[in-house]
Every structure is written in structure tokens, then in C-alpha cells.
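Below: one structure, written as C-alpha cells.
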Amino acid sequence: MAIRVLIVDDSATARAVLGDILTSDASIEVIGTASDAFVARDKIVELRPDVICLDVEMPRMDGITFLKKLMHYMPLPVIMVSSLTQSGAKTTLEALETGAVDFVPKPHSHIYDGKDEMRDELIAKVKAAAKAKVFKKTLTAPQAANQTSLTQTTNKIVAIGASTGGTEALKDVLMALPRNAPGMIIVQHMPANFTAQFAQRLNSLCSIEVREAKNGDSIIPGVALIAPGDYHMVVRRSGARYYVEIGGGEKVSGHRPSADVLFNSVAKIAGANAIGVILTGMGGDGAKGLLAMKNAGARTIGQDEASCVVYGMPKVAYEIGAVEKQLPLNKVANGIISFI
């Protein structure tokens, strides 16, 4: 049965382009479009779509306000369609926190110019969203890990890979870690301009320091470094000092940054001195790299199916034997501590 999609965007051009892209795949059916939230509300009740593609900026009611109401009254998988501007990145991160499954950036001011760039990503994310778990948001913060669990700092490093659903999963994990947690290096699939905002948001919430990585940054206790969008990140070592190297290159496992690139470098440089974690996300990026880490003596954790928005990356990793311990999201932080 085809995936039934409702497109909500105030631009007639955008609705037409998104419709053309989605209907080019035989497994997707566009069952309707809406120019604003009020029209969308009526069509959702009438048509019951499987997935909604929602614009961030709309008249009468903005996309975030509408999304909050939708997730309260009738939770459905939502893909946000947003600009690549700094304000667009901030709003998109708010949408993901509100309950959106994923987002697709509009790469140009004229959407027709970026139609080919959007096609594969939009279709893949709609298909993933159709299978995603939509969780109701709660007002309670994640329970913090026991702050006395780490009585001294450690020279171990923790490498984490995540994709769809990962922004909220990473928030839950990092918020639950004590201030002297080991140095952390993270790949979250995001375009450029989004990761700096994401890191700033996490930094405002967590006991540890969180920032977008820069070339040459040291990996030290109490600091989490997030790979910048559109750049790979690898681990290097100079004497006893671990640090990161940021660079370009081809996409690996379909992504840049790639969790496989990060994990493979950790396996080679840190070996048994590392812990690898793979969280929710579509596809298989990070699975082979996590296996390389495990084979090099690292301890490894995979998020379990029940708590994943999309059980893709952790599933592939588990099936190839890369996951030593499979845990629900709310147990991952304590799992990391237990390995230390």
C-alpha cells in the first residue's frame, strides 16, 4: 500500500515541486495539499495521512505552533521543510524537539533550482517517517545519571552516531551524564548551519560542555564535540592527547559527516580505550565502524528497537554483531558509565 502524504506549504510553487518529487516514487501517494494550518487541520481529519510534509513559515499560524497542536491532539509523523538560514536552523531544531520526525532543507531561495538535490533525501525521509514511532512529548526532563557515578575523570573517549530522531535522543543521553563524563565525539546527520545551533542548544541544557567541533580540538573529559555539518570528523593522537581532525571528502555510507568514518578512526587510534554508541536513525551508517571498534576491543552500545524513532542504524549494527549491549534510550547514559 502506498504511503499517503499531505503537503502543507503556503507557496503554490513549493507544493507543486514537493508533489512532483514525491509522486515520482511509485510507493508514495500525495493525497492532498494545504496552503495553511487551518486548511491542513480539516484535511488531516478528513484524509488521515500517513506522513505530513510541513513548511516552517506560514501565514495565520506558523508551522511550529501547528505542530505543537498536532502532536497534542493527533500525533502523526511529520517531516519539516525549512530554509538553510540560521533562523531556519533554530526553528527546525525547535520542531524536532516538539515532535517532528525529521526535516528536509530547502537548498535555494527558488525551490525549483534545488529540486534534484531534494529528491532522494525527501523520498527517503518520507519512507522512513512512515515507519517511525511518534512519541508524545512530556514536560518532565530526563532523569539524570547518578552524579557520583564517576568519582574521577577518565581518559577514555566515547563516540556516538545518530540520525533520524537523534537530536532528541542525544539530548536525553547527554543531559543524563555527569559533569566529569569522558570526552565525547558525536556524528549527528545534519547539514551545514544546523550543527552549531544544535550544539548551542545542548550546551544550554547539559552539565557537560557541548560545542561544534573545530579542527584540532582536544577530546577531554566534560566536553562533547559535534561534527560540523557537511564535514567528516576523525580522531587523531599526539602522545597521550586525543584530538579531532575535520575535513571534506566524498560521502561515506551516504553521509558527510559519517558515523562510519568517525568510528573507524576511533577503532584505529583509540582501540580498547573507547566506547561506541549507535542511536536511532535510518540506514546503516555507523554499523560497520562500530563493528571495527568492537573488534579493536572497544565496548559498544546500541539503542533498542522499542525506544528508537527509526530502528535502522542500531538494527544493522546489532545484526552484524557490532553491539555488545542493547539498551533503551533512558539507560544509555548509565550504560556508558558502567563501561567506565
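No lab work stands behind these numbers, since they all come straight from the coordinates. Source: prediction; values computed, not measured. Cβ: placed from backbone, ideal geometry, glycine included. Neighbour counts: every protein chain shown.
Worth pointing out:
- The trypsin sites (Lys or Arg not before Pro) found in region 201-298 that occupy coil by DSSP, while having at most 12 further C-beta atoms within 10 Å, are Lys214.
- Within the shell defined by Cβ-Cβ distances under 11 Å, the residues around Ile275 carry a net charge of +3, with Lys and Arg each +1 and Asp and Glu each -1.
- At 1.306 mPa s and 10 °C, Stokes diffusion of the chain via Kirkwood alpha-carbon radius, µm² per second: 78 µm²/s
- In straight-distance terms, cross-link reach from Lys214 covers every one of the lysines whose alpha-carbon lies under 24 Å from its own, apart from those fewer than eight places away in the same chain; here that gives Lys90, Lys156, Lys171, Lys251, Lys268.
- Sequence-separation-based contact order of region 157-339, relative, with Cα cut under 8 Å and 6+ spacing, percent: 21 percent
- Only Cα pairs under 8 Å and 6+ residues apart enter the sum, and on that basis the relative contact order of the chain stands at 12 percent.
- Angle in degrees between helix 86-98 and the longest Cα principal axis of the chain, rounded to the nearest 10: 90 degrees
- Fewest-first ranking of Met233, Met58, Met293, using other Cβ atoms within 10 Å as the exposure measure: Met58, Met233, Met293
- Taking the alpha carbon gyration tensor of region 3-131, multiplying each eigenvalue by 5 and rooting it gives semi-axes of 19, 17, 14 Å, largest first.
- Altogether, the Stokes-Einstein calculation at 37 °C and 0.692 mPa s, with the Kirkwood radius of region 157-339 over Cα pairs as Rh, returns a diffusion coefficient of 212 µm²/s.
- Cut-off under 5 Å, modelled amide H: who pairs with Val277 long-range: Ala159, Ile160, Gly161, Ile301
- Listed by chain and number, the aspartates and glutamates whose C-alpha is less than 13 Å from the C-alpha of Lys288, apart from same-chain residues fewer than 8 away, are Asp260, Glu319.
- Net +/- balance of residues flanking Ser27 in space, Cβ distance below 15 Å, scoring K and R +1, D and E -1: +1
- The angle between the Cα long axis of helix 12-23 and the main principal axis of the chain comes to about 70°, on a 0 to 90 degree scale.
- Of Ser218, Ser204, Ser265, the one that fluctuates the most in a GNM where the chain has Cα springs shorter than 10 Å: Ser204
- In this structure the amide hydrogen of Asp102, modeled in the peptide plane, comes within under 5 Å of the amide hydrogens of Val78, Met80, none closer than 5 places in sequence on its chain.
- Nearby lysines by direct alpha-carbon distance to Lys115 (threshold 17 angstrom, same-chain neighbours under 8 apart not counted): Lys106, Lys125
- For region 37-45, 3J(HN,Hα) per residue [Karplus equation, 6.51 cos²θ - 1.76 cosθ + 1.60, θ = phi - 60°, Hz, x = Gly/Pro]: 5, 6, 5, 4, 4, 5, 6, 5, 5
- Scanning residues 5 or more positions from Ile28 or on other chains, those with amide H under 5 Å from its amide H are Ile3, with H placed 1.01 Å from N in the peptide plane.
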